[in-house]
Amino acid sequence: MLSAFDLKASELRLGANNYKPLDVVLTRGEGVWVWDVDGNRYLDCLSAYSAVNQGHCHPKILETMIEQAKRLTLTSRAFRNDQLGHLYEELAELTGSHKILPMNSGAEAVESAIKAVRKWGYEHKGVPEDRAEVIVCANNFHGRTVSVVSFSTDPTARNGFGPFTPGFRVIDFGDAEALEAAISPNTVAFLAEPIQGEAGVIIPPEGYFARVREICTRRGITLILDEIQTGLGRTGRLLAEEHEGIEADVTLIGKALSGGFYPVSAVLSNDDVLGVLQPGEHGSTFGGNPLGAAIARTALKVLVEEGMIANAATLGQYFLDRLNEIDSDKIREVRGRGLMLAVELHPGSGPIGDYVNALKDRGVLAKDTHDTTIRIAPPLVITRDQIDWAVEQFAAVFS
Ligand SMILES: *Cc1c(COP(=O)(O)O)cnc(C)c1O
């Protein structure tokens, strides 16, 4: 068997160098905990970017996966399967959506929504062919495909990857006036994250999304919310839009839709937008497969039945309060909603990687984003005692 050292060497020698992981080689996970190959235990404060909201290796999702894998895994959409209809019903019941498109990765859900809303613009709004525009926000993160990075404002995500897909216009996040001003006769949609995750857990000003909703309705454009990270309980509600008292026309979910077992994403839509897709116009070999659908059904079920969403609300506030109590001249701000939290350090506090490594040495795995911010997003099954312990580690590292 290869040692941790050898495994890292193999990754460096043979793997594409598109990630710079922490120096830890994990081999097992359970609930909020993960273990490395040397037997050290860590509290996971990243949750695979919120894909394991239900906790690592949730036993009920695991059981569903094993049972379904023994029965039927993939049929393609050339045939029907006995899981997808159930997933549709359960998702529609939970979210109130009228049409659903199953895909695999988050980026695919974003791409699919863009395709559908463009066609909707041509058919329902009379936008001239090939002129549809989608308005997006600066510092967005919606994935890594060519069209999606075409409207990124992060040079690292974009540089060297052109030519880019046209048809996007970028405005500031949190500025409803800018949205109003950017809408043209060819605008078909506004696409945004309810809370910008990769940008460092950026929460928009109070009332922003209520105004956005009003503008989109009045100007006849589709509001698409990317809830791939904020959705499925992370912020203490099933969808983060609930905090804003609004409903998007199209909602994108992924990540925790499978509890981390399998890539499953979905476009949740009103009747009109996904209603434009006809046979042959869009698809995915694995999208809507019975294994993914069965896993997603149980992932949603445990999220609701085991009280994880309420736990995220209550313990998220508790975690935020406890982090705010840490006495440190390095911390500039602690912010968050539910269990989507971030600690931002003052610019002069030294390399962020040093803090992340110090946390790792104390048994807490967290990841920095954008030089001064550490994101804290544990599985939603975390307990008060575990938070108390985590806060001790944060306090020791930041004080
Ligand atoms: C992770 C993420 C995506 C992309 O999902 P992938 O499964 O990595 O393609 C898109 N939008 C948001 C907000 C995300 O956090």
(message) Consider region 7-60. How many of its residues are in a helix (DSSP H, G or I) and under 26 Å from LEU300 (Cα atoms)?
(response) 6
(request) Determine which single condition PHE141 fails, assuming it passes every other condition in (1) over 20 Å from the mean Cα position of the chain (by Cα); (2) open to solvent by 40 Å² or more (accessible area, probe 1.4 Å); (3) aromatic (Phe, Trp, Tyr). (result) (1)
(request) Give the residue that is farthest from the ligand (Cβ to nearest atom), with candidates limited to residues of region 237-261 that are more than 17 Å from HIS98 (Cβ to Cβ) and open to solvent by less than 10 Å² (accessible area, probe 1.4 Å). (result) GLY259
(message) Given the options LEU26, LEU12, LEU46, name the one that is surrounded by fewer than 15 Cβ atoms within 10 Å (Cβ to Cβ) and either more than 22 Å from the chain's Cα centre (by Cα) or outside the structural domain of GLU242 (by TED's automatic domain parsing) (or both).
(response) LEU12
(message) Given (1) in contact with a Leu (Cβ under 9 Å, 6 or more places away or on another chain); (2) within 28 Å of LEU252 (Cβ to Cβ); (3) aromatic (Phe, Trp, Tyr), identify the lone condition not met by TYR88.
(response) (1)
(message) Residue under question is VAL32, and the condition is that it be modelled with pLDDT of 95 or more, under 27 Å from GLY338 (Cβ atoms) and in the same structural domain as ALA312 (by TED's automatic domain parsing); does it hold?
(response) yes
(message) For GLN68, only one of the following conditions fails: (1) open to solvent by less than 60 Å² (accessible area, probe 1.4 Å); (2) within 25 Å of the chain's Cα centre (by Cα); (3) not small (Gly, Ala, Ser). What is its number?
(response) (2)
(request) Could you tell me whether any residue of region 291-309 is under 20 Å from ALA199 (Cα atoms) and part of a helix (DSSP H, G or I)? (result) no
(message) Looking for something over 30 Å from ALA294 (Cα atoms), buried (at least 21 other Cβ atoms within 10 Å of the Cβ) and more than 16 Å from the ligand (Cβ to nearest atom) - is there at least one such residue anywhere in region 151-158?
(response) no
(request) Can you tell me which residue within region 319-347, out of those that are open to solvent by 30 Å² or more (accessible area, probe 1.4 Å), in contact with a Lys or Arg (Cβ under 9 Å, 6 or more places away or on another chain) and not charged (D, E, K, R), is modelled with the lowest pLDDT? (result) PRO347
(message) Give me the residue from region 96-116 that is away from the ligand (no atom under 16 Å from the Cβ) and crowded, with 21+ Cβ neighbours inside 10 Å and, out of that set, farthest from ARG219 (Cα to Cα).
(response) SER97
(message) Suppose we keep only residues that are surrounded by fewer than 24 Cβ atoms within 10 Å (Cβ to Cβ) and not aliphatic (A, V, I, L, M) within region 262-277. Which one would you say is farthest from THR64 (Cα to Cα)?
(response) ASP272
(message) Name the single residue that is farthest from ARG213 (Cα to Cα) among those in region 165-198 being touching a residue at least 40 places away in the same chain (Cβ under 8 Å) and hydroxyl-bearing (Ser, Thr, Tyr).
(response) SER184
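The values are calculated or read from the model by the stated rules, or taken from the named source; none is laboratory data. No experiment lies behind these values; they were computed from the predicted model shown. We place every Cβ from the backbone using ideal geometry, glycine too, and count neighbours over all the protein chains shown. Ligands, DNA and RNA are excluded from the accessible area calculation, which covers all protein heavy atoms including side chains. Shrake-Rupley method; radii C 1.70, N 1.55, O 1.52, S 1.80 Å.
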